[in-house]
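The values are calculated or read from the model by the stated rules, or taken from the named source; none is laboratory data. Remember, it's a predicted structure, so these values are computed and weren't measured experimentally. FYI the Cβ positions are ideal-geometry reconstructions off the backbone, even for glycines, and counts take in every protein chain you see.
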Amino acid sequence: MERALNKSRLILWSSVALLFVLLPFVFPGGFALSILSQLGIAIIFALSYNMLLGQTGLLSFGHAVYFGLGAFVTAHAINFVEAGVFGLPMSFMPLVGGLAGLVFSLLLGFVTTRRPGTPFAMISLGIAEMVAASALMFTTFFGGEGGIVTNRTAGGVVWGISYGPQIQVYYLIAVWCFISMALMFVITRTPLGRIANAVRDNPERTQFVGYNPTRVRWIMMSLAGFFAGIGGALTTINYEIITAESLGLMASGNVVLMAFIGGIGQFWGPIIGAVLVTFLQSFLSNFTQAWLLYFGLLFLLIILFSPGGISSLITIHAPVWRAGVMKRLLPSYMFALWAGLVTLTGIIGVIELLYRGTLVVGVNVAVTWVFSGLLVLVGAFFLRRAIRAVTQVWEDLTPELARWS
Amino acid sequence: MELGERMNQHALALVDVRKRFGQTEIINGVNLEIVAGERHALIGPNGAGKSTLFNLISGRFPVSSGSIALNGTDITSKEPQVINRLGLSRSFQINNIFPKLSVFENLRCSVLWVLGYRYSFFKRTSALRDAKESAERTLEMIGLENRREKMAGELTYAEQRALEIGITIASGANVILLDEPTAGMSRSETEVAVELISRVTEGKTLLMVEHDMGVVFDLADRISVLVYGEVIASGTPAEIRMSKKVQEAYLGTPIDGDEE
Amino acid sequence: MEFFLITLLNSLSYGLLLFMLSSGLTLIFSMMGVLNFAHASFYMLGAYFAYQTGMVFGFWPALFLAPILVGVIGAITERYGLRKVHKFGHVAELLFTFGLAYVIEEVVHLIWGRAPVDYRIPESLNFTLFTLFNTQYPAYRAFMMLVSVGMLVSLYLVLTKTRIGLIVQASLTHPEMVQALGHNVPRVFMLVFAGGCALAGLAGVLGGNLFITEPGMAFSVGSIVFVVVVVGGMGSLVGAFIASLLIGSIQTFSVGFDLSFIDLMAGLGVIIDSNSSWYAGLSITISQTAPVLPYLLMVLMLIVRPRGLMGTRET
């Protein structure tokens, strides 16, 4: 059985690798390529964050610190290479960022991991503020408002790769993303990864089987910092500029959203979150100024109704799928989808009117107000019924599913 | 006898251990020696400080004064993991397991340190044959083979109780502290548990807190009676049964009857 | 001397403002175990509500209306949000308030825009109370202190003298027991949450016009309040009080010092050569480091005394 599992895992990982190779062919063009590059970085960052929240139970609000510091150190390293201080092929530059992330998370993590739970969350936020404030003080290192500018072709041409064209940068990101994903997955399967789960669930008991939970948290945080630093380094290479914004509270909050929306309970959850959030950010921000608000509302909805994130929505349907009773759920789902869309349209109408309505005055505005309000009311009315219908079907299904498992 | 000498000869030696919480002294000067290889029961009325004493020995709380030695090594107020690594393992009165890990994983996590894997993140856990075998041995011992992949939090109470003991003994510690292992169990479950305890503590030193006098007289080689934070009597079950002091402390309740 | 006295008065008023925020946060935390990340967002709402209602009714009614409005929003948040996520555990609760902070900031963008609004100190309080040596002391600062102290005293009285205060105190330590005695603990929770939010709202009314009313104010004050609570010790009102004043003075005093570290070291007899590689780093003035100092204090505190000044609980 174990061999069969290994085989299917091998197939899965090779398909991921193949996907990474093929994506630029499926989605050619500059815009697609830049989105794909962003995706790779976001996936590394979100997965590294989940080493803290999902695996060790550490709710950090300052993970971007290690991402950002890794990025800045890499920027300086690239500039040193350009100035001829030392030589390092650009392909290995992400290691510099990773090591920087590791060093800083070792240092700061020593302080922050002394206390778990809520204090950790507050302290991580405080540390993030401290680093963000320092970034404005030490302008030599952080470059002030303008940030640090680099040149990704500084390493020259190695094996025919100059990192001039974006496609080469994409493949650099893809390779490092794949390596990081694989390593982070492997870590979940090591003694440390297992004990981290144990520390998350019941830190006290781990002490009575010989472990020091503080030490476990510290090591996990350092490793997470390492991978975040790799992500940061890739950002520097990708954009050739890095500003203090990348280690700020917004960036830290963003990765919390990614991991949580995707789901922290499964290894692959944050990947979904990273993809979804990056897409929404890139596309929504083109259409509306209120995209951050939609984002926050989505986040609140997920906490209120599906705290396991999108990945848990998928996993709870696995037994339904296996039992072959998916079609019983479908009618109520379609009903809920319809009611949800109606409500959503109404809400979008109201929010957009609030943002723009003050600018355009006319009859149409009034009509749209009434119409949107109506949609919200009608949608909400049916949505309540739909949710009740869905709950009912699930209740009917539960005993059947129990027989199946 | 010299103090140091006395501490050397025993699996556990407590010398004048005291614990205060604020103004109240819960443990006031306990002297207790547990001989290596014996099964020792700690009994006493509710609130006597039995669980507190366990917490002091296992490092959960620091002592206010006094000293505790494990196999001759001073462990007074050391951190729990340090004491555990020296070969003392304990269970809890209220189930204290890893609820979201599988039963097997619970047991495997409990042997990783002792097998020397520490904080390793270079080895795959599934490739660690010794950890797997050790966890499986314990699994079989506590009779949960058919629950192997179940989440520990989903087990029945009695099964969780068994797992609690399993986690405690998995590492092969030679001094074992069990805090009310049969608490909340039915008669038949208790019988199974007693049999389990006597099997898994074979050749080890056992100190246990227990309210069920049937269990105590079945299992214990020696008994100590703790009343108001003091050991008022120590001896073989027969001696304790006869002791005037103990009978007074229990206000005339028959010791070998049903004490619930 | 002059600088010292005036700065001392300023730190006192700022510290009291911080305490108005940290006391609500502490009460909510020790009672419900929830750290309200959106606490400073309620502070921001207080300022904006005061600005809006002030335009209609004037400052004095706004001083009462705005905190009440904020309190009502707090009650709704607790009843329909927090109470629902409670069953998912502390992380979910924390993240809920975090997401709420996010949403509130965006809603403020939506309604009042991204630029600061013109929320001013009322004319009736915009005069010089007294002149100390050569510095004029504004009346509004004194008024702020007065309200803060008044609030402090009434909070103390409510907690110690009234029935509801006693129930709150009892619920802090023994919620099950209080419930068993027939008190409606969920409702007490809602009241405490609403009360804490109203306090934050009041702080917003007072602080919004003294400093600046803009969408970023929540995050900048929020993290300082967290520092206060960590330094003071989670769940301790006394600790929060001491830490509020301490951090209030650190921030106020450090902003006033225009000395650089090089000057300081020169004072100690160490002259740093301007060609030295340390020069750039050390030429930073103390006032430039002001934003970082509270966090440094927090880090120091965590190393020396992880529980905080008056903290009793570890988590």
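Residue-wise test of (1) in contact with a Phe, Trp or Tyr (Cβ under 8 Å, 6 or more places away or on another chain); (2) within 10 Å of another protein chain (Cβ to nearest Cβ).
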site	(1), (2)
B:LEU88	no, yes
B:PRO99	no, yes
B:ASP130	no, no
B:ARG137	no, no
B:GLU145	no, no
B:ARG148	yes, no
B:THR156	no, no
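Looking at region C:181-209, which of its residues are outside any helix (DSSP H, G or I) and of a type in the set (A, V, I, L, M)? Residue satisfying the conditions is C:LEU181 alone.
Within region A:43-59, at least one residue is in a helix (DSSP H, G or I), in contact (Cβ under 8 Å) with a residue 60 or more places away in the chain, out of contact with any Gly (no Cβ under 6 Å at 6 or more places or on another chain) and of a type in the set (Phe, Trp, Tyr). Which ones in region C:98-112 are more than 9 Å from chain A (Cβ to nearest Cβ) and either surrounded by fewer than 22 Cβ atoms within 10 Å (Cβ to Cβ) or of a type in the set (Phe, Trp, Tyr) (or both)? Result: C:TRP112, single match. Taken together, the criteria exclude C:VAL168 from residues that are modelled with pLDDT of 85 or more and either within 14 Å of chain A (Cβ to nearest Cβ) or touching a Leu at 6+ places or on another chain (Cβ under 7 Å) (or both). Put simply, of A:GLY62, A:GLY30, A:GLY40 the only residue that is surrounded by fewer than 24 Cβ atoms within 10 Å (Cβ to Cβ) and either of a type in the set (Gly, Ala, Ser) or at pLDDT 95 or above (or both) is A:GLY30. Which one of B:PHE61, B:PHE98 is within 17 Å of the chain's Cα centre (by Cα), more than 14 Å from B:LEU177 (Cα to Cα) and of a type in the set (Phe, Trp, Tyr)? Exactly one of B:PHE61, B:PHE98 is within 17 Å of the chain's Cα centre (by Cα), more than 14 Å from B:LEU177 (Cα to Cα) and of a type in the set (Phe, Trp, Tyr), namely B:PHE61. Taken over region A:210-235, the criterion of being modelled with pLDDT of 95 or more and either among the small types (Gly, Ala, Ser) or touching a strand residue (DSSP E or B) at 6+ places or on another chain (Cβ under 9 Å) (or both) is satisfied by A:SER222, A:ALA224, A:GLY225, A:ALA228, A:GLY229, A:GLY231, A:GLY232, A:ALA233, A:THR235. Counting only residues that are part of a loop (DSSP other than H, G, I, E, B), in contact with a helix residue (DSSP H, G or I) (Cβ under 8 Å, 6 or more places away or on another chain) and either of a type in the set (Asp, Glu) or under 22 Å from B:VAL63 (Cβ atoms) (or both), region B:78-108 holds 5 of them.
Taking the criterion of being touching a Leu at 6+ places or on another chain (Cβ under 6 Å) and either part of a loop (DSSP other than H, G, I, E, B) or aromatic (Phe, Trp, Tyr) (or both), the only residue of region B:121-136 that qualifies is B:PHE121.
Taking the criterion of being surrounded by 20 or more Cβ atoms within 10 Å (Cβ to Cβ) and more than 9 Å from every other protein chain (Cβ to nearest Cβ), the residues of region A:106-118 that qualify are A:GLY109, A:THR113. Filtered by the rule that a residue be in contact with a helix residue (DSSP H, G or I) (Cβ under 7 Å, 6 or more places away or on another chain), at negative phi and among the aromatic types (Phe, Trp, Tyr), region C:99-147 gives C:TYR102, C:TRP112, C:TYR119, C:PHE127, C:TYR137, C:TYR140, C:PHE143. Of all residues in region A:252-271, those that are away from every other protein chain (no Cβ under 11 Å) and surrounded by 21 or more Cβ atoms within 10 Å (Cβ to Cβ) total 7.
Yes/no matrix, rows are residues, columns are (1) in the same structural domain as B:GLU239 (by TED's automatic domain parsing); (2) in contact with a Pro (Cβ under 9 Å, 6 or more places away or on another chain); (3) buried (at least 19 other Cβ atoms within 10 Å of the Cβ); (4) without any contact (Cβ under 8 Å) to a residue 12 or more places away in the chain:
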site	(1), (2), (3), (4)
B:GLN23	yes, no, no, yes
B:ILE34	yes, no, yes, no
B:GLY37	yes, no, no, no
B:PHE54	yes, no, yes, no
B:ILE75	yes, no, yes, no
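Determine whether region B:56-69 contains at least one residue that is polar (S, T, N, Q), within 29 Å of A:ALA198 (Cβ to Cβ) and crowded, with 22+ Cβ neighbours inside 10 Å. Yes, the conditions are met somewhere in region B:56-69.
Close contacts from region A:277-298, counting a first residue that is closer than 16 Å to A:MET258 by Cα and within 14 Å of chain C (Cβ to nearest Cβ) and a second that is among the small types (Gly, Ala, Ser) and surrounded by fewer than 19 Cβ atoms within 10 Å (Cβ to Cβ), with Cβ to Cβ under 8 Å and a gap of 6+ residues or different chains, come to A:TRP291/A:SER285. Restricting attention to region A:119-136, which residues are farther than 24 Å from C:GLY33 by Cα, small (Gly, Ala, Ser) and either more than 7 Å from chain C (Cβ to nearest Cβ) or buried (at least 24 other Cβ atoms within 10 Å of the Cβ) (or both)? Of everything in region A:119-136, those that are farther than 24 Å from C:GLY33 by Cα, small (Gly, Ala, Ser) and either more than 7 Å from chain C (Cβ to nearest Cβ) or buried (at least 24 other Cβ atoms within 10 Å of the Cβ) (or both) turn out to be A:ALA132, A:ALA135.
Being in a helix (DSSP H, G or I), farther than 23 Å from A:TRP291 by Cβ and of a type in the set (A, V, I, L, M) holds for only one residue in A:VAL342, A:VAL378, and it is A:VAL378.
Would you mind stating whether B:VAL111 is within 13 Å of chain A (Cβ to nearest Cβ), buried (at least 20 other Cβ atoms within 10 Å of the Cβ) and within 25 Å of B:LEU12 (Cα to Cα)? Considered against the rule, which asks whether it is within 13 Å of chain A (Cβ to nearest Cβ), buried (at least 20 other Cβ atoms within 10 Å of the Cβ) and within 25 Å of B:LEU12 (Cα to Cα), B:VAL111 comes out as yes.
Taken together, the residues in region A:299-342 that are among the small types (Gly, Ala, Ser) and closer than 23 Å to A:PHE260 by Cβ amount to 8. Does region B:114-127 contain any residue that is closer than 12 Å to A:VAL209 by Cβ, assigned by TED's automatic domain parsing to the domain that holds B:LEU155, out of contact with any Phe, Trp or Tyr (no Cβ under 7 Å at 6 or more places or on another chain) and of a type in the set (Gly, Ala, Ser)? No, because not a single residue in region B:114-127 is closer than 12 Å to A:VAL209 by Cβ, assigned by TED's automatic domain parsing to the domain that holds B:LEU155, out of contact with any Phe, Trp or Tyr (no Cβ under 7 Å at 6 or more places or on another chain) and of a type in the set (Gly, Ala, Ser).
Condition test on B:PHE92, is it within 13 Å of chain A (Cβ to nearest Cβ), touching a residue at least 24 places away in the same chain (Cβ under 8 Å), crowded, with 22+ Cβ neighbours inside 10 Å and closer than 24 Å to B:ARG161 by Cβ? So B:PHE92 passes the test.
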